[in-house]
Amino acid sequence: MIRTFIAIELKNQDTIERIVSFTSRLIQNQPKLKLIKPENLHMTLKFLGNIPEPLAPKIFTILKEEINQKMFQGRTLKYILKGVGQFNKFSVFWIKLVGDIQFLQNVKSNAEELLNTKLKIERDKRAQFKPHLTIGRLRKNKILYETFDTLKNLINENKNLEFGSFNINEVKLKKSILTPKGPIYSDLVY
């Protein structure tokens, strides 16, 4: 079994540097915040979890032929990362993606349909795709409450902060190995 997910990678170094600059302000406020490493910044299209290893090449082929070749057709779509937010009472911090969200919704819907009909992989419970880039996680028992109001203000004050471009031309099948120092991601290519 291998732990896998389908992702869109952030490659623009200027954008990554702006995110790192911002997240350094978050970590100063909440030292126990687990930041996403710059090389791991991505947008998850679908989390697959643990799958049998022989299934991975089949998923890769579907993504390559049906999504990357037929839907992207060699095009690069230009998006912007803009605005900081949080989910689950400040346990997940993210940046919103702005651009042709309907195209990404179609990519996700098509991938879900193909994986389900061809490989019997369950569809996500939520069909609606909310594209965002997770930048950090904070467990409730790790919150430093003395500075928590400052953290809330930092998030609220940066709801329109622009981080830069996020150009998308493909989706990737990724492998995730969990370690005590954080996950290690690698591309699965067949």
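Read-outs throughout are calculated quantities, based only on the coordinates presented, and are distinct from any laboratory measurement. These numbers come from a predicted model, not from an experiment. Methodologically, a virtual Cβ is constructed for each residue, glycine included, from the backbone with ideal geometry; neighbour enumeration extends over all protein chains shown.
Taken together, the residues in segment 83-112 that are of a type outside the set (A, V, I, L, M, F, W, C) and touching a Gly at 6+ places or on another chain (Cβ under 9 Å) amount to 1. The residue of segment 148-190 that is nearest to residue 30 (Cα to Cα), among those that are in a strand (DSSP E or B) and acidic (Asp, Glu), is 162. All conditions in (1) of a type in the set (A, V, I, L, M); (2) more than 25 Å from residue 158 (Cα to Cα); (3) buried (at least 17 other Cβ atoms within 10 Å of the Cβ) hold for residue 119, with the sole exception of (3).
Of all residues in segment 126-141, those that are touching a residue at least 24 places away in the same chain (Cβ under 8 Å) and under 13 Å from residue 86 (Cβ atoms) have Cβ atoms under 7 Å from Cβ atoms of residues that are surrounded by fewer than 18 Cβ atoms within 10 Å (Cβ to Cβ) and charged (D, E, K, R), 6 or more apart or on another chain, in 136/34; 137/34; 138/32.
One line per residue, one yes/no per condition, for (1) over 23 Å from residue 124 (Cα atoms); (2) free of Cβ contacts under 8 Å to residues at least 12 places away in the same chain; (3) not polar (S, T, N, Q):
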site	(1), (2), (3)
23	yes, no, no
48	no, no, yes
64	no, yes, yes
72	no, no, yes
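Of all residues in segment 29-51, those being surrounded by 13 or more Cβ atoms within 10 Å (Cβ to Cβ) and in a helix (DSSP H, G or I) number 3.
Residues in segment 1-28 that are among the hydrophobic types (A, V, I, L, M, F, W, C) and under 23 Å from residue 141 (Cβ atoms) were compared, and the one that is surrounded by the fewest Cβ atoms within 10 Å (Cβ to Cβ) is 27.
Residues in segment 96-103 include none that are touching a residue at least 40 places away in the same chain (Cβ under 8 Å) and either exposed (fewer than 13 other Cβ atoms within 10 Å of the Cβ) or under 18 Å from residue 120 (Cα atoms) (or both). Within segment 126-141, does at least one residue satisfy the condition of being basic (Lys, Arg) and over 18 Å from the mean Cα position of the chain (by Cα)? Within segment 126-141, one or more residues are basic (Lys, Arg) and over 18 Å from the mean Cα position of the chain (by Cα). Before we move on, is residue 129 under 17 Å from residue 8 (Cα atoms), outside any strand (DSSP E or B) and aromatic (Phe, Trp, Tyr)? Considered against the rule, which asks whether it is under 17 Å from residue 8 (Cα atoms), outside any strand (DSSP E or B) and aromatic (Phe, Trp, Tyr), residue 129 comes out as yes.
Taking the residues in segment 1-28 that are of a type in the set (A, V, I, L, M, F, W, C) and in a loop (DSSP other than H, G, I, E, B) as candidates, determine which candidate is farthest from residue 82 (Cα to Cα). Looking at residues that are of a type in the set (A, V, I, L, M, F, W, C) and in a loop (DSSP other than H, G, I, E, B), I get 1.
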